[in-house]
Ligand code: FES
């Protein structure tokens, strides 16, 4: 996992800040770009950005990051599993699919990522692919008409690829 410890670790963030002209009106874009690199928003990055942009503070940046669901304050797994729990998917069995995933990938209470950093799991609202319900998305790829058995096969395959 990428970490932010030494000054050179912050070079990528400096580049993003420069690209976005250190403007507080570009804060969302800045956070999106930082999250694209680290797969989450490290606390050190939030503090750094808050101290670098005029008119902002770490507390304000923290407030923005926690307000928007698109931002994650905890590291995401190599594989980001999103289980749709919109109405169509819920009615067609998304919860048994989610249960199967959670039983297969035990996580510490309150965490969404496995301790080996391989998988993170979350539910999302309608993905706009209701005819494929119940739908699961893994790293942007849509898996249609999921069943508990099918999703477990996919997870097993990904685990084997990472042994
Ligand atoms: S409800 Fe799941 S894709 Fe629409």
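Working note: 222 nm ellipticity from helices only, DSSP H runs with n ≥ 4, each -39,500 (n - 2.57), summed and divided by the residues of the chain, gives -13000 deg cm²/dmol to the nearest 500. Once the Cβ-Cβ distance of residue 91 and residue 115 is raised to the sixth power relative to R0 = 30 Å, the FRET efficiency obtained is 0.35. Seen against the Cα atoms of the chain and their longest principal axis, helix 58-67 is set at about 20 degrees. Legend: ranking of residues 60, 66 from fewest to most surrounding C-beta atoms inside 10 Å; resulting order 66, 60.
What do you get for the angle between helix 94-104 and the principal long axis of the chain? Use alpha-carbon atoms, 0 to 90 degrees, nearest ten. That helix lies at roughly 80 degrees to the long axis. To the nearest 10 degrees, how steeply does helix 148-161 sit against the main Cα axis of the chain, on a 0 to 90 scale? Approximately 50 degrees, to the nearest 10. If R0 equals 22 Å, the separation of the Cβ atoms of residue 28 and residue 54 corresponds to a calculated FRET efficiency of about 0.85. Determine, from the Cβ-Cβ distance of residue 163 and residue 43 and an R0 of 30 Å, the FRET efficiency 1/(1 + (r/R0)^6), rounded to the nearest 0.05. So, using R0 = 30 Å, E works out to roughly 0.40.
Subtracting the Cα-Cα distance of residue 70 and residue 123 from 0.36 nm times their residue separation leaves 17.8 nm of extension gain.
Maximal additional length on extending the residue 36-residue 102 stretch stands at 21.2 nm, based on 0.36 nm per residue less the C-alpha distance. With the convex hull of its Cα atoms as the shape, the chain has an orientation-averaged projected area of 10.7 nm². Counting neighbouring Cβ atoms within 10 Å and putting the fewest first, the residues 29, 123 line up as 29, 123.
For the chain, DSSP calls about 55 percent of its internal beta bridges antiparallel. Averaging the sequence gap over all C-alpha pairs within less than 8 Å and six or more residues apart, then dividing by the number of residues, gives the chain a relative contact order of 18 percent. Here 89, 130 are placed in order of increasing Cβ neighbour count within 10 Å, fewest first, which gives 130, 89.
Rule-based calculations on the coordinates, nothing more; no lab input. Quick caveat, the model's predicted, so the values are computed rather than measured. A quick note on method: Cβ atoms are made from the backbone with ideal geometry, for glycine too, and the neighbour counts reach across all protein chains shown.
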